[in-house]
1. Mind listing the phi-derived Karplus ³J(HN,Hα) values for segment 694-700, rounded to whole Hz, using 6.51, -1.76 and 1.60 with θ = phi - 60°, and x for any glycine or proline?
2. Working out 0.36 nm times the residue gap between residue 455 and residue 573, then minus their Cα-Cα distance, what length gain in nm do you get to one decimal?
3. Under 26 Å from the Cα of residue 662, which lysines turn up, not counting those fewer than eight places away in the same chain?
4. Would you work out what percent of the accessible area of the chain, with all protein chains in place, is carbon or sulfur (probe 1.4 Å)?
5. Counting only protein chains, not ligands or nucleic acids, how are 10, 550 ordered by accessible area (probe 1.4 Å), most first?
6. Pop a pseudo-label 7 angstrom from the Cα along the beta-carbon direction at both residue 483 and residue 589 and give the gap in nm to one decimal.
7. Report, by chain and number, residues whose modeled amide H sits under 5 Å from the one on residue 595, excluding near sequence neighbours (fewer than 5 apart, same chain).
8. For segment 141-168 and segment 21-56, what is the separation of their Cα centres, given in Å?
Amino acid sequence: MQTLLQDVRYAIRLLIKRPGFTAVAVLTLALGIGANSSIFSVVNAVLLRPLPFKDSDRLVMFWNRSPGLNIPQDWLSIAQYVDIKNQADGFEDVAIAVGGNFNLSDVDVPERVQGIRASSSLLRLLGVQPALGRAFLPEEDEPGKPLVAIISNELWQHRFGADPDVIGRTITLNGQLATVAGILPAGVSLNREVIPTVSGIDRADVILPFPLSAEALRNRGNESFNVLARLKPGVPLEQAQAQVDTMVERLKQEYPDSYPEGSGFTMSVVPVLEEIVRNIRPALLVLSGSVLFVLLIACANLANLLLSRAAARQKEFAVRTALGASRFRMVRQLLTESIILALAGGGGGLLIAVWSLEGLRALSPGNIPRMNEVAIDHRVLTFTFVISLLVGVIFGLVPALRASKTNLNESLKEGGKGSHEGSRGNRVRSTLIAAEIALSLILLVGAGLLMRTFVNLQRVNPGFSTDNIISLRLLLAGPNYSKPDSRASFYRQLLDRLKTVREIDSLGSVSNLPLSPEVGWGGISVEGADTPSGEGSVLQADQRTASPDYFKTMNIPLIAGRFFDEHDTKDGQKVVLVDQSFARRFWPDEDPIGKRIKRGALDSDNPWLTVVGVVGSVRQYSLDADSPRVALYSPHSQEPNSGMYLVIRTASDPAQVIASVKSEIRALDSSLAVYNVALMNERLSRSLAERRFSMLLLALFSMLAALLAAVGIYGVMNYSVAQRTHEIGIRMALGAKAGDVVRMVIKYALLTTAAGVAVGIGGSLLLSTFMSSLLYGVSANDPLTLVGVTSLLVTVALVSSYIPARKAAKVDPMEALRYE
């Protein structure tokens, strides 16, 4: 231990005596380690940290899949929830939940709150007990019981002033009275980051019971519900999935009309955490790989610095060897120095990570789950320490072994310069620089592909206009709007009143706005069309309700026929508009006008709907993928929906227009809350936010990698020139010109760069395939990106080697050849 302390003290003294070397090495490592600690803090919070529930690794949820019916993924029906409870014994508990919006109206300002209706087993399944009050009772799962509610701690704080007497108080939700039974603990939030609920809900301000009648328990047609479960202790996921597979086969035999042959119906059991992070996992893995490359480049620079410093200390090592120091003793001393450097770099990296967390949160789109949990915790500290230690050992070992192998005769003879590395040392440095170039190229190619993807997405025509359009949502709920006529009347009056507002140029309404979280689709039958899955099956289509002026306001083009008009009344002919994708699929060579569609199966009692127009297809869910379903629109006068988006085109100040709209809504019904207000440009921007986040971070890391590679090339070229001063002097004495010397140095740099580029291109072709799921409109092996990145790195190599080359050209032959 005493010897180790001596090594540490000696190493610190040496590093303090060389402040320039120490500062460069520590800063280089701090950048590499800091980038890794920053991204690891995100990976730790999003992918690794357990959910804040008891034994959260045993929490699972379920998905239906029926590819034969064009249903890639769907929620479950109430009957399927009952099937799982009764037929799959690998689960300790099962719960059902469905998301919803509620107008909280017995307050000064009506507020829209989000919530879920759930079986009484949900909180028990999650291991959550209310901080105040009680949980739901099992009997509250039955119809006819008084309505009770459990509210979130956040709603209790901001709306009820943290008043404990709120327990037992009645509140009004969607016109119904509900008694507050409990308040969730602080820090327990049933939001989409921990429980993926449905119907566009991203958090649960309110939890209500979900009473199910005997008829509802047999419902297999409405697959709109989340079903969650907790695995029994010791039951692996594979065993539970096998039980569900067996259950599915029984269901196919027992209910052939619900699960027809050819539908390909399956049910998947998915860990809840895996479902939450499914969309962001590929991007985080790519970013983790990118910061690892940055660290490797920084480490290659450290190794080059240590090699150069060790070469300059050959005489010192020879003296120590002559005095009896063993090779092991010198290797340990040099490793101690490199470890101290690495730990100092790790400390600097930790500071960079702490500083960068705010930047990461600012860059982060709102849809990255669990981003609010990102912090420097014990895992991040341990990761930073371990990676710093590994860097010090692994990348300090080779320089230490080379330095400890001393030629006493060469190093101690009179006049020895103290550095006689030869070509082998140059090869090691060149190899490290080539590796830096290769890693930088891979990173830059990845960043270039993401940039091209982002540009391509910005050029995608969404099928509608976003300029000068305000959107907001209303929900009509409660006994006043239980009948279709009352809903139709309200929206008709509202649109008529808003048309008189001077600042509004055009307005309309639609049930499901493009690029909004809501989804609305269901089964249809097309007269004369063959269904792909056999008799009894239906086709799946996005179904929306719209006012006549919605299409004009959004600039959705009319392809054929007409838009809705004042003649499409409740008592008139039932009509629909279909999108262009619908018409191309079912009537590619026919006039779609006059064709007929029915909701549900062909033999159902639902009325036929006549196609009166074809409109342009829109990107409903995202810019990078068409919907797997075709779309149809019904006039709101014939299919009055309770929840509608208003879209308003205006050239005036949006805040002023929104205030006018809210005033008109209050004039009609003061209990209604306006929510989800946003410009369409903002919605479009948010839809690209996740890709923008990945692109910006990867671009930042690739630029950092290129900068470190440039520093490495400069350092190696500068050191090489210093070592070859004698050789350069001889060349110039024999007639070499300054330009010849410049070309020699730059040629050496370009040859090293070419080797790195060759390896990097091979690596980028392999790794970019992994990124294919993140790309749009560009191949993972895009030649334009490869050529652009290669040109950039060659330019970096030229610039980085030019200054040392100019220095070499100014060598005085007489000084270089003078005997020392």
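The values are calculated or read from the model by the stated rules, or taken from the named source; none is laboratory data. All values derive from a computational prediction rather than experimental measurement. Backbone-built Cβ (ideal geometry, glycine too); neighbour counts: all protein chains shown. Side chains are part of the model used for accessible areas, which takes the heavy atoms of the whole protein and leaves out ligands, DNA and RNA. Shrake-Rupley method; radii C 1.70, N 1.55, O 1.52, S 1.80 Å.
1. 4, 5, 5, 5, 5, 5, 4
2. 38.0 nm is the gain from fully extending residue 455 to residue 573.
3. Counting by Cα, and skipping residues close in sequence, residue 662 has these lysines nearby: 483, 499, 552.
4. C and S fraction of accessible area: 57 percent.
5. Of 10, 550, the descending order of accessible area is 10, 550.
6. Using points 7 Å along Cα→Cβ, the separation is 5.1 nm.
7. Sorted by chain and number, the residues that satisfy this are 611.
8. Computed from Cα coordinates, the inter-centre distance equals 40 Å.
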